[in-house]
Amino acid sequence: MFRDRVEAGRRLADRLSDYHNDARAIVLGVPRGGVVVAAEVARALGLPLDVLVVRKIGAPGNPEFAVGAVDERGNIVLNPMVQVPEEYVRGEAERQRAEIQRRLADFRRGRPPLDLAGKTAILTDDGIATGQTMMAAVASVRAGGAEKVVVAAPVVAPDSATRLRQTADDLVDISEPRFFAAVGEFYASFPQIEDDEVVTLLEQVWATAAGKG
């Protein structure tokens, strides 16, 4: 059990200590809650921070159940265990991609994205349940030129951990509990994170990095 996302991020940073001050490594947080964890990781390791927005493609009639995910480039990763009409997937992916562009504009406030070419991308979330969003995130940063992809999260469902180890170059976590219903059950405090909180966190880390530079 983690007290909150801040504590989880600090504990996760301890597991990622090999990347401390690594000039080739960057931290990418998956909004919203993942950015809280990612900010702590970036601060502890002295690494640049950015966001990576990937949106879930929900099932027809059950939007909370992920049948896949899409990234800002339009790359789609589908759950091979679920059959969904192709026309539905295309339409939902386009709708989610528009939301991705809106969020990126809001989060970055005109700042360019970090260059991924030749870098180690540490993809960070507050927890991974089905793994569909993170699978799409891995595909996204590979398409962006990342040399190495590390998935990092405090808690990961075992089945998702198995798939991510086959997809990413490394998976770093703290717990892979056998019984996994939802990410929030592993936190004493797991409030909804709003967009303005994400922006504030990003700007704080960016300001600190600029001061050091």
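Each reported figure results from applying straightforward, stated rules to the coordinates on display, with no laboratory input. Here the structure is a predicted model, which means the values were calculated and not measured. So basically every Cβ, Gly included, is an ideal-geometry build from the backbone, and we count neighbours across all protein chains shown.
Find the Cα radius of gyration of the chain, compare it with 2.2 N^0.38 Å by division, and give the number to two decimals.
Taking the Cα Rg and dividing by 2.2 N^0.38 Å, one obtains 0.96.
Report the extension gain between MET81 and ASP18 in nm, rounded to one decimal, defined as 0.36 nm multiplied by the number of residues separating them, less their alpha carbon distance. Show your work: numbers first, answer last.
Working: separation 63, 0.36 × 63 = 22.68 nm, distance 3.57 nm.
Contour length minus the Cα-Cα distance gives 19.1 nm.
Going highest first, how would you order 80-87, 143-150, 8-15 by mean Cβ packing within 10 Å? All intermediate terms of the calculation are to be shown ahead of the outcome.
On the way: 80-87: 9.4, 143-150: 18.0, 8-15: 20.1.
Peptide ranking by packing, descending: 8-15, 143-150, 80-87.
Using a Förster distance of 30 angstrom, determine the FRET efficiency expected from the C-beta separation of ALA117 and GLU7, and round it to 0.05. Before the final figure, lay out the partial values.
On the way: r = 33 Å, r/R0 = 1.12.
Computed FRET efficiency for ALA117 and GLU7 comes out at 0.35.
Let me check against my output: what whole-number percent is the relative contact order of the chain, with C-alpha pairs under 8 Å and at least 6 apart? Numbers along the way, then the final one.
Values: 415 pairs, mean separation 53.5, N = 213.
Over the chain, the number comes to 25 percent.
Once you place label points 7 Å from the Cα toward the Cβ at ARG73 and GLU197, how far apart are they in nm?
Rounded to a tenth, the inter-label distance reads 3.1 nm.
Once you charge only the Cβ atoms, +1 for Lys and Arg and -1 for Asp and Glu, what is the size of the charge dipole of the stretch 78-213 about its Cα centre, to the nearest 20 debye?
Roughly 440 debye for the stretch 78-213.
Order 19-25, 126-132 from most to least packed using the mean count of other Cβ atoms within 10 Å. If you can, show how the numbers build up before the last one.
Details: 19-25: 13.7, 126-132: 24.0.
Ranking the peptides 19-25, 126-132 by packing returns 126-132, 19-25.
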